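Only one structure is covered here, and it is reproduced in the block below.
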Amino acid sequence: MTLFSLFLNKYVNIVILFFEYTGVTVMLISGVKGAYDCFVKKCPETRINLAKGMATALEFKMGSEILRTAIAHELKEIIFIGGIIVLRAALAFLIHWEIKNEEARSESCLTSPSETHESSK
């Protein structure tokens, strides 16, 4: 292995760990804040805020998996990493869909029936 590839391997591994730990930290902070909002503040926006935190954490985790493909040496590793990326992308899609639906539901709850009746005239 050349000196450059050794350096690249070390550097990419450090960046992968940074993204992994950042994703875990974001998830931990979102979970603690979500539990506090749910049980102490009784905030109605808890589900949306928790889902946004989870989506952000997943994006960091996906970034680390994408970088992992840069240093993969065998096709078997790339296929395994690709499967993880597909699963995480599906989770991210579902979380974003849930956020969109929750926000739409929250907006419809905020709009009173008299306002919607007036605007339809």
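The values are calculated or read from the model by the stated rules, or taken from the named source; none is laboratory data. Everything numeric in this text was worked out from a predicted model, so none of it was measured. Using ideal geometry, Cβ is built from the backbone for each residue, glycine included, and neighbour counts are taken over all protein chains shown.
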For the range 57-77, how many residues meet the condition of being touching a helix residue (DSSP H, G or I) at 6+ places or on another chain (Cβ under 6 Å), free of Cβ contacts under 8 Å to residues at least 40 places away in the same chain and surrounded by fewer than 18 Cβ atoms within 10 Å (Cβ to Cβ)? 2
Note: among Val32, Val12, just one is farther than 19 Å from Glu98 by Cα, hydrophobic (A, V, I, L, M, F, W, C) and loosely packed, with under 14 Cβ neighbours inside 10 Å, namely Val32
So which pairs qualify, if the first residue must be in the range 95-121 and under 23 Å from Glu59 (Cα atoms), the second must be modelled with pLDDT of 80 or more and not in a helix (DSSP H, G or I), the Cβ gap must be under 9 Å, and the two must be at least 6 apart or on different chains? Glu102/Glu45
Which ones in the range 58-106 are over 23 Å from Ile29 (Cα atoms) and among the aromatic types (Phe, Trp, Tyr)? Phe80
Restricting the range 40-80 to residues that are assigned to a loop (DSSP other than H, G, I, E, B) and among the charged types (D, E, K, R), the one nearest to the chain's Cα centre (by Cα) turns out to be Glu45
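A quick yes/no check of all residues on (1) modelled with pLDDT of 95 or more; (2) more than 15 Å from Met62 (Cα to Cα); (3) aromatic (Phe, Trp, Tyr); (4) out of contact with any Asp or Glu (no Cβ under 9 Å at 6 or more places or on another chain):
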residue: Leu6; (1), (2), (3), (4): no, yes, no, yes
residue: Asn9; (1), (2), (3), (4): no, yes, no, yes
residue: Phe18; (1), (2), (3), (4): yes, no, yes, yes
residue: Gly23; (1), (2), (3), (4): yes, no, no, no
residue: Val32; (1), (2), (3), (4): yes, yes, no, yes
residue: Asp37; (1), (2), (3), (4): no, yes, no, no
residue: Lys42; (1), (2), (3), (4): no, yes, no, yes
Kindly indicate whether Ala51 is over 30 Å from Leu8 (Cα atoms), at pLDDT 90 or above and either surrounded by 11 or more Cβ atoms within 10 Å (Cβ to Cβ) or among the polar types (S, T, N, Q) (or both). yes
What are the residues in the range 70-84 that are under 18 Å from Glu59 (Cα atoms) and at pLDDT below 90, if any? Ala70
